[in-house]
Amino acid sequence: MALTSLSFTSCEDEAIASTLEGTWEGNMYISSEWNGRVYDATYTEIEFLLDPFRFTQGTGYWVDHYSGAPWDYIACHINWKVDNSRITVYFREEGSTIVIEDYYLSDNRFKGVIYDNGNRVNFSLIHTSSPNWDDYVWGWEPWDYSRKNTILPDDLTSRATTDSIKSEKPKRILRIK
């Protein structure tokens, strides 16, 4: 009986992971705090790539896009897995983890609740086509987050400011809206 219950959970997790695979875009209500200021992401792109040998987990990318911040976006590689219908996402460059529960997932829509260090934030994403992930620089360096044709603000071009940016990276935070 216990083995039967385990196989149903495993099959359900595989179905969730299979549906999750692909690129999703929308509002994750992500903000980043840097230098005493908080910047809200305008939208987020996430790509879940399914591991072909482990049908309930994989890797991917998470890109938060900003407007009015000293950077255009923050991009992270992710590892993710589905276990007992619970989706765990690990941000490799940041070394942090979030958990997604209480969600609705279909071929076109992914919405639910993110849990992160006591914060509980709703999100809503739609399934989109895959962008060219080679356009992003992974990690965080202030000059990397400006597209080639974007000019950095004058205050970011001074050596002292650039050195302080290198030592203090923006911190991703979830905001209840």
List every residue whose amide H lies under 5 Å from the amide H of Y73, counting only residues 5 or more places away in sequence or on a different chain, with H placed 1.01 Å from N in the peptide plane.
-> Y66
Label-point separation in nm, V38 to F55, each point 7 Å along Cα→Cβ = 4.3 nm
Residue order for H127, H77 - accessible surface, 1.4 angstrom probe, largest first | H127, H77
Over segment 65-107, give the accessible area per residue in Å² for a 1.4 Å probe, as an integer.
-> 45 Å²
Near the amide H of L125, under 5 Å away, which other amide H atoms are found, from residues 5 or more places off or on another chain, if H is placed in the peptide plane?
-> F110, K111
Give me the accessible area of E12, 1.4 Å probe, in Å² rounded to the nearest 10.
-> 100 Å²
Under 1.5 on a/c is rounded, so check that first for segment 1-112, then, if it is not, pick prolate when a/b is larger than b/c and oblate when it is not; a ≥ b ≥ c are the square roots of the alpha carbon gyration tensor eigenvalues.
-> prolate
Measure off 7 Å from each Cα along the Cα-to-Cβ vector at K81 and T19, then give the distance between these two points in nanometres to one decimal.
-> 2.2 nm
Mind ranking 83-91, 22-30, 51-59 by how tightly packed they are, going by the mean number of other C-beta atoms within 10 angstrom, highest first?
-> 22-30, 83-91, 51-59
Over the Cα atoms of segment 88-127, compute the convex hull volume and normalise it per residue, giving Å³.
-> 75 Å³
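The values are calculated or read from the model by the stated rules, or taken from the named source; none is laboratory data. What you are looking at is a predicted structure, and each value in this text was computed from that prediction instead of being measured. Note that each Cβ is placed from the backbone with ideal geometry, even for glycine, and that neighbours are counted across all protein chains shown. The accessibility values were calculated without ligands, DNA or RNA, using every heavy atom of the protein model including side chains. Shrake-Rupley method; radii C 1.70, N 1.55, O 1.52, S 1.80 Å.
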